[in-house]
Structure formats: structure tokens, C-alpha cells
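The values are calculated or read from the model by the stated rules, or taken from the named source; none is laboratory data. All of these numbers come straight from a predicted model, not from anything done at the bench. As a convention, Cβ positions derive from the backbone with ideal geometry for all residues, glycine included, and neighbour counts pool all protein chains shown. For accessibility, only protein heavy atoms count, side chains too; no ligands or nucleic acids. Shrake-Rupley method; radii C 1.70, N 1.55, O 1.52, S 1.80 Å.
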Amino acid sequence: EITSLLSLCGGQFSSEQEIRVNSPFWILSIPSEEMARGLMKRTVCAKSIFELWGHGRSAGELYASLKNYPMHEMLPYLQSDSTYKVHIHTFNKTLSQAQKIKKIDALEFLPFKGKVNLKTPEHIFWILEDYGMDPNNVPEEPFHLYFGRWVHGQRELIESYSVKKRHFIGNTSMDACLSFIMANHGRVKPNDVVYDPFVGTGGLLISSAHFGAYVCGTDIDYNTIHGLGKASRKNQKWRGPDENIRANLRQYGLEKYYLDALVSDSSRPIWRKGMLFDAIITDPPYGIREATRRTGSQKETVKTAERSTENHIFVSSSYHLSDIFFDLLKFAAEYLVMGGRLVYWLPIYRPEYTEEIVPRHPCLKLISNCEQMLSSHTSRRLITMEKVKEFKDQDQNSYLSDGQYTPYRGHNSFREKYFSGVTKRIAKEEKDNHK
């Protein structure tokens, strides 16, 4: 998420520090404080951002680094008419109050001229100490220390969009935190057009609309699109007349970004050629709470005359999980703008998972592959792909495997067998959890 936002807002990871995936602290090079605040207004994974004044692998290195920090950069925040406080945060270790005071007193060489105000200070300075990730093996001294001025934090975004407070929800409405992470992976920005081919109750549209994008989606379920049928909320039997996707966006003041939601089968794209999206952000159906269906019987015997009947309800058949993902990639390759991103969830069975399971397409480059644990055996991976090649006719029925173009249908019996197993295992776990 941070990498995607840096490429969108400006900035990069600092060359001063090797990026340690397991470290809770990362050093970024960002051109301005305004850009830093912009990043924090969007991020879900980061808690706070600081202007770094010094850091080191020991207290001595930290103090030496602070003494080398330009004085003219410090002085605006150390004036006699200002107020401040110093806060200490230790990751993976708890310090006594006496230990904290001792560490703060050790910074007396810094030219603080203002008054201490612990309740409403103008400036807050932090000492950050990293004691590693292993709670059973905590070192006496920290691996790394940082000191800096607090700039901005962001935690209110998730609470204000909580699914618990949302007007229209379904059985599998996406958690607000994950929705914003997906929008950030997709680098959604103002005036983008974002599409969800499995829109459901529209939870993923809300996060994109919050960032100023125009949103639309499709779903094969007529009742869900129109807000009909049984309610998913506790102690409510049927959905009300105003429960729909538009009402959700209206609830958050985002209705002006709503284009439409249509009843459509994702395996049969309805869009004209040249209809391009800046991002496709979706959560394909899997398990028993979301049926994987598509129009047409298994033998594809629906007659043309029947299809043209205005009130005809199509016969639906099962939609194999592997086909869902490859249809999704093919659609993204054709309808994304160059540089546009596809973000979706891929369910996996952990003991049998390998990188080869992840679907590929010659027009799409894999950007990131992040895991969210669901149980000891199952998880899902947030896959982010970017369009790097124009879609051509020869890509219509192709996908990428080991650098080779291979027929799309019936392409890989191993993948089909694997995803069949994943669906059955998720369904079994859902039944067991329900019991």
C-alpha cells in the first residue's frame, strides 16, 4: 500500500535504510510536508508519519545524528513562544516511567526554548525504539532508534466508514479497512473511472468514491443490485425500499460520484470496444455465501429468441472458480487504460499454494501479492496487476504461463483441480463455522 501511494503522491523509500519487511518503522524520502500529509490522509496501514531528525543503531549514534541535523530546520519548532512535549514509543517492549524520563533528559543538548505542555502542545516530538518482532526474545537494547517531529496520523477514516453503520449491507460486504487498502493498491485518484464486475452491495465503490473517482459496477444477482429480498442485518427480515448502492454513497455524501450498477454476467462483457477504466477493483465470489453463477446452461442451449425476450430470466449454471479469474484478467487486459490497475482477492489452500497458481496474462504485470490469513489452512491473497501492453486480437484467448502463450479454455487442468479443491474447503469451513 505504501509503495503504491508513494508512486501516486510522490516520494520513494530512502536509500539510507534497507527496507526490512518485518520492521515497524520505514524511512521515506518525500519532497514536502504537504505530500507527507497527503499520503497519511489515504493510508490505512501506517499510523503516523514523522519528520526524521536523527536515527541510529545505538543511543550514541542517535545523538550524533541529531547534532548533525541542520539547526535552521529545527529552530522554527523550538521557539520560546511555542509549546511542546516529547513522547516515547517502544515497539515490542514496555519501559517504566523512570526509564522514559531518563531517555527524555538525555536530549537536553537540543535547544528546546518553549514550554512543556502535555495536554495541547503545538509540537510533538517522538523517540521511537525498535526491539524487533519476537516477543519471546526481547533484547536489552533496541535494534534501531529514531527521533523526529510528529507530522500527521490517520485512524479516523476506517471508523467513519464502518460496515456496522452502513445503510445497505450483504452477507459478504467488504470490511472498510480492506476496501481502502484495495483502492490504494489501485492508485485511485480524482476523476478516475473505477469498475467492479462483482459489485454486490457496492462496498468497494465507496472507498474509490471517497478518493474522488467515479464508480460503477455489475452483478448477476438482480435482487442485490435492486436491494430486494431478505436482509443481511440482524433482526431485520426484508430489505427496505431505500436499501441500495446509491443510498450507501448518499449516506457518505458521495452520490455525485455514482455512475450506475447494472445486472450483468461478468463472463459476457456488455461494454462497447474502447470503453476504458482507470482501475478494476473487485472481490470475486467464492464459498457458499456467494454463489459463483453465470448465464446459460452447461450445454449452452439458450435460444437467441429467448435471449431477446424482455422479461426472460436466463438459466444460470455454475461458474468455475478458475474461469472466473481468467475471464477477469482477460477483461482487465482489454478494458483497462495503459497503466491502469486490476486489484482482486484470490482464495488459496495454503499447504498446496505455489506462485504458479496465480493467474497471469501477457498484457498484465504482477505488482504485488499480499496474504490475508483466514484459517490455519486457508487464506486469500490480494493480487495487484498493472496493464503494461495494449490488448490485441491474438490476446483474446491467451494467458501467460512460463513465458508461453497457451490456449485460454481448458488451459491448465492443475489450476482447475486446485481451485475446485479451494472452493470445497472454503465451503466446508463456512459450514463448520456456521454450526
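Going by what's in this entry, would ILE225 be described as in contact (Cβ under 8 Å) with a residue 40 or more places away in the chain and of a type in the set (Val, Ile, Thr)? Taking the combined requirement at face value, the residue does not satisfy it. Counted as qualifying within region 143-219 are the strands (runs of 3 or more DSSP E) with 2 or more residues that are open to solvent by less than 10 Å² (accessible area, probe 1.4 Å), within 30 Å of TYR77 (Cβ to Cβ) and out of contact with any Ser or Thr (no Cβ under 7 Å at 6 or more places or on another chain), namely 144-153.
Number of residues in region 410-422 that are modelled with pLDDT under 70 and more than 12 Å from ASP323 (Cβ to Cβ): the value is 3. When THR90 is tested against the conditions (1) open to solvent by 30 Å² or more (accessible area, probe 1.4 Å); (2) closer than 20 Å to PRO142 by Cβ; (3) of a type outside the set (A, V, I, L, M, F, W, C), the lone failure is (1). In the set LYS85, LYS119, only one residue is more than 21 Å from TYR146 (Cβ to Cβ), of a type in the set (D, E, K, R) and within 40 Å of the chain's Cα centre (by Cα); that residue is LYS119.
When residues in region 249-266 are screened for being surrounded by 20 or more Cβ atoms within 10 Å (Cβ to Cβ), within 30 Å of HIS320 (Cα to Cα) and either not aliphatic (A, V, I, L, M) or not assigned by the TED database to the domain that holds ALA231 (or both), 1 of them pass.
For (1) closer than 30 Å to TYR63 by Cβ; (2) of a type outside the set (Gly, Ala, Ser); (3) in contact with a Lys or Arg (Cβ under 6 Å, 6 or more places away or on another chain), each residue gets a yes or a no:
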{"residue": "ARG149", "(1), (2), (3)": "yes, yes, no"}
{"residue": "TYR161", "(1), (2), (3)": "no, yes, no"}
{"residue": "ILE169", "(1), (2), (3)": "no, yes, no"}
{"residue": "SER173", "(1), (2), (3)": "no, no, no"}
{"residue": "PHE180", "(1), (2), (3)": "no, yes, no"}
{"residue": "HIS185", "(1), (2), (3)": "no, yes, no"}
{"residue": "VAL188", "(1), (2), (3)": "no, yes, no"}
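For the criterion of being in contact with a Phe, Trp or Tyr (Cβ under 8 Å, 6 or more places away or on another chain) and open to solvent by less than 70 Å² (accessible area, probe 1.4 Å), PHE109 fails.
For LEU145, indicate whether it is modelled with pLDDT of 95 or more, among the hydrophobic types (A, V, I, L, M, F, W, C) and assigned by the TED database to the domain that holds SER58. Judged against the criteria, LEU145 is a match. Answer yes if at least one residue in region 88-99 is part of a strand (DSSP E or B), under 30 Å from ILE181 (Cβ atoms), in contact with a helix residue (DSSP H, G or I) (Cβ under 8 Å, 6 or more places away or on another chain) and at pLDDT below 95, and no otherwise. No. All told, ARG246 falls short of being farther than 25 Å from ILE270 by Cα, open to solvent by 40 Å² or more (accessible area, probe 1.4 Å) and either in a helix (DSSP H, G or I) or modelled with pLDDT of 95 or more (or both).
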